[in-house]
Amino acid sequence: MEKAPRAGFPLIVIENYEGSPSRWLIAEYVESHRVATSKGLRVVVAGVSNPLLASTLEHHGVPHLKEQGSILCPTSCTIVTDLRAAKPLRPHEAANSCCIVVGGILGDHPPRGRGQWLRLTYPDAAYRNLGDKQFSIDGAVKVILEILEGKELEDIKVLYPVTIKANSFPSTPEIILPYAYPLRGNKPWIPSELRDLLERGLMWENIQPPD
């Protein structure tokens with residue numbers, strides 16, 4: 001069981017709402033954990049009721065809960081990110097929170113508003129947006145990390161949409177991702193695993209039990 005967070009050192013909670021664990025989903029969860037821990041922060045994927053997803057996350061060293069993340073997050077200091085929230089997330093709010101929650105949803109285009117499910121789990125939390133573009137799960141976590149480092153949302157450069165060359169498929173030379181990604185070194189900060197899956201056409205393939 002994860003320890004409850006304390007204010008000033010927020011726990012990043014990814015609330016899983018995907019029933020079928022695809023390779024794409026795992027790539028985003030693993031990347032979110034890897035990047036956050038490199039900054040000294042903790043990430044937990046909550047709502048993991050699927051045994052295969054749980055065992056795969058464990059295989060990759062990603063902390064997870066079967067329960068929803070609200071059991072770890074006091075209402076008084078929890079922020080939920082939501083594309084439709086009226087106010088943007090600010091550095092001082094992020095730094096003084098105990099939990100920052102991201103929806104574990106592989107977004108549709110156009111968005112279907114499934115982020116509203118978070119309001120059922122966290123009805124009394126503060127809701128903040130990360131801008132007017134839909135981010136990937138790991139993209140949202142990366143933006144949150146930059147805000148925690150003191151950057152204002154308006155100063156974080158993002159690319160939307162993102163185009164990837166599909167070298168393995170001559171008949172489909174480009175794949176357009178309808179999500180915003182923060183930039184790193186003037187390039188969209190996309191997990192290398194996801195690039196590989198996209199180029200090989202395996203992104204929607206369901207994961208197999210870990211060896």
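The values are calculated or read from the model by the stated rules, or taken from the named source; none is laboratory data. Small disclaimer: the values here were computed from a predicted structure and weren't measured. Every residue, glycine among them, receives a Cβ derived from its backbone with ideal geometry; neighbour counts consider all protein chains shown.
Please go through the stretch 83-94 and give me each residue that is touching a helix residue (DSSP H, G or I) at 6+ places or on another chain (Cβ under 7 Å) and at pLDDT 95 or above, ordered by number.
Those that are touching a helix residue (DSSP H, G or I) at 6+ places or on another chain (Cβ under 7 Å) and at pLDDT 95 or above: Pro88, Leu89, Pro91, Ala94.
Listed here are the residues, each with its yes/no results for (1) of a type in the set (Ser, Thr, Tyr); (2) surrounded by fewer than 21 Cβ atoms within 10 Å (Cβ to Cβ); (3) at pLDDT 95 or above.
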| site | (1), (2), (3) |
| --- | --- |
| Gly8 | no, yes, no |
| Arg34 | no, yes, yes |
| Val43 | no, no, yes |
| Leu52 | no, yes, no |
| His59 | no, yes, no |
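Please list, ordered by residue number, the strands (runs of 3 or more DSSP E) wholly in the stretch 1-91 having 3 or more residues that are touching a strand residue (DSSP E or B) at 6+ places or on another chain (Cβ under 7 Å) and of a type outside the set (S, T, N, Q). Don't jump to the end; show me each part of the working.
Numbers: elements: 11-16, 43-46, 78-81.
So the answer is 11-16, 43-46.
Give me the pairs, please: first residue somewhere in the stretch 46-59 and more than 17 Å from Trp117 (Cβ to Cβ), second residue anywhere and in a helix (DSSP H, G or I) and at pLDDT below 95, beta-carbon distance under 7 Å, and either six or more positions apart or on two chains.
So the pair list comes out as Thr56/Ile26.
Enumerate the pairs (first residue in the stretch 183-196 and over 13 Å from Ala27 (Cβ atoms); second residue anywhere and part of a loop (DSSP other than H, G, I, E, B)) with beta-carbon separation below 7 Å, excluding pairs fewer than 6 apart on the same chain, so at least 6 apart or on different chains.
Close Cβ pairs satisfying both conditions: Leu183/Lys157; Leu183/Trp189.
Check the stretch 38-52 and report whether any residue there is closer than 18 Å to Glu193 by Cβ and in contact with a helix residue (DSSP H, G or I) (Cβ under 8 Å, 6 or more places away or on another chain).
Yes - at least one qualifying residue is present in the stretch 38-52.
Taking the options Pro209, Pro182, name whichever one is farther than 27 Å from Ile100 by Cα and either at pLDDT 85 or above or part of a loop (DSSP other than H, G, I, E, B) (or both). It would help to see each step written out before you state the result.
Working: Pro182 fails: farther than 27 Å from Ile100 by Cα.
Of the residues listed, the single one that is farther than 27 Å from Ile100 by Cα and either at pLDDT 85 or above or part of a loop (DSSP other than H, G, I, E, B) (or both) is Pro209.
Out of all the residues in the stretch 185-193, is one or more among the aromatic types (Phe, Trp, Tyr), at pLDDT below 75 and in contact with a strand residue (DSSP E or B) (Cβ under 8 Å, 6 or more places away or on another chain)?
no
Regarding Ile105, is this residue at pLDDT below 95, within 21 Å of Tyr29 (Cα to Cα) and either of a type in the set (Ser, Thr, Tyr) or surrounded by 20 or more Cβ atoms within 10 Å (Cβ to Cβ) (or both)?
Criteria met by Ile105.
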